[in-house]
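The values are calculated or read from the model by the stated rules, or taken from the named source; none is laboratory data. In this text the structure is predicted, and so the values were computed from the model without any measurement. Please note: Cβ atoms are built from the backbone with ideal geometry, for glycine as well, and neighbour counts cover all protein chains shown. Ligands, DNA and RNA are excluded from the accessible area calculation, which covers all protein heavy atoms including side chains. Shrake-Rupley method; radii C 1.70, N 1.55, O 1.52, S 1.80 Å.
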Amino acid sequence: MDLDLRKLRYFTAVAQHEHFGRAARQLHIAQPVLSRQIRALEEELGCALLVRTTRSVRLTPAGRQLYEDAPGVLAAAQAATRRVHGADRLVIGFAPGLSVSLAVRAFTRTHPDVEIELLHLNWYEKGEALRDGRADVGFLRHPFDAEGIHTIPVGSEPKVVCLPTTHPLASRRRLTLAALDGETILDFQARRTATVEEKLELVAVGQGIALLPRSIARSYSRPDLVHRPVTDVPPTEICLAVLEARRHGHVNAFLTTAAHALAEHHA
């Protein structure tokens, strides 16, 4: 039996989100289509991968094993595809709110024959995009799982709190953590939201507030929200990242150029 890589990617998204609806939105497909593809994968493998409830899903032991193996399988397939299409191509992944354009322009001036592809990364897939082969280099924010990944610091940025315009604290120019005591803070790491847009929508309807890097708040500016500096929260560190095993050729050249260009911008 041949493993369908598309179904494997679909399964990985569901496993990451533990929710069919959020995974379907990430994949830009209808939820019923996603459900049928996962059931087809289970039938092909001859075992259940997920335990479904009305609100979420969880992995079976077989599903957990497949989820652990999936990044290596997908990375190998991606690497093979790149070898077929040639070595003069780099995929640069970037986190929400960050712009890698300065680095790309600087690199293409000296390496005009290298094709650059840009990949927008969701908040939960920073290191994973490097490990599964979708990105050669990442322009990322800490924290993320950096095992096996070489990072180059290029700067930092402050965090802000995003509030509805009607919130009592919205009239203040700056805030401290003490002022936020008792507020419901929506936390990405708890996976309560799948995207920045979803998180900000929850803030706008009054279900909580959000602490975000300033660049995200500015990039996703909307008239029903305000963002205010939080003076006693440590800044978010920004870095370039690459798998240790891929530090060669055009990747190294890009890292050198990008580190210089981005460090100057974020100084």
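Before moving on, here are some points about what is shown:
- Loop-located trypsin sites (Lys or Arg not before Pro) in region 14-57 whose Cβ has at most 11 other Cβ within 10 Å (DSSP): R55
- Full extension of the chain between T256 and E183 yields a length gain of 22.0 nm, computed as 0.36 nm times the residue separation minus the alpha carbon distance.
- Percent carbon-and-sulfur accessible area, the chain, ignoring ligands, DNA and RNA, probe 1.4 Å: 51
- The label point for T108 and the one for R173, both projected 7 Å from the Cα toward the Cβ, are 4.1 nm apart.
- Using the Cβ-Cβ distance between E117 and I152 with R0 = 30 Å, the FRET efficiency computed as 1/(1 + (r/R0)^6) comes to roughly 0.90.
- Legend: calculated FRET efficiency, A40 to R89, from the Cβ-Cβ distance at R0 = 41 Å, rounded to 0.05, equals 0.80.
- For a label point 7 Å along the Cα-to-beta-carbon line of V205, residues of region 222-246 with backbone N under 17 Å: 224-225
- Remark: the Cα gyration tensor places the chain in the oblate category, a/c being 1.5 or greater and a/b not exceeding b/c.
- The overall shape of region 41-191, judged from the alpha-carbon gyration tensor, is oblate: a/c is not under 1.5, and a/b is no greater than b/c.
- Rounded to the nearest 0.05, the FRET efficiency derived from the C-beta distance between H28 and S221 at R0 = 30 Å is 0.80.
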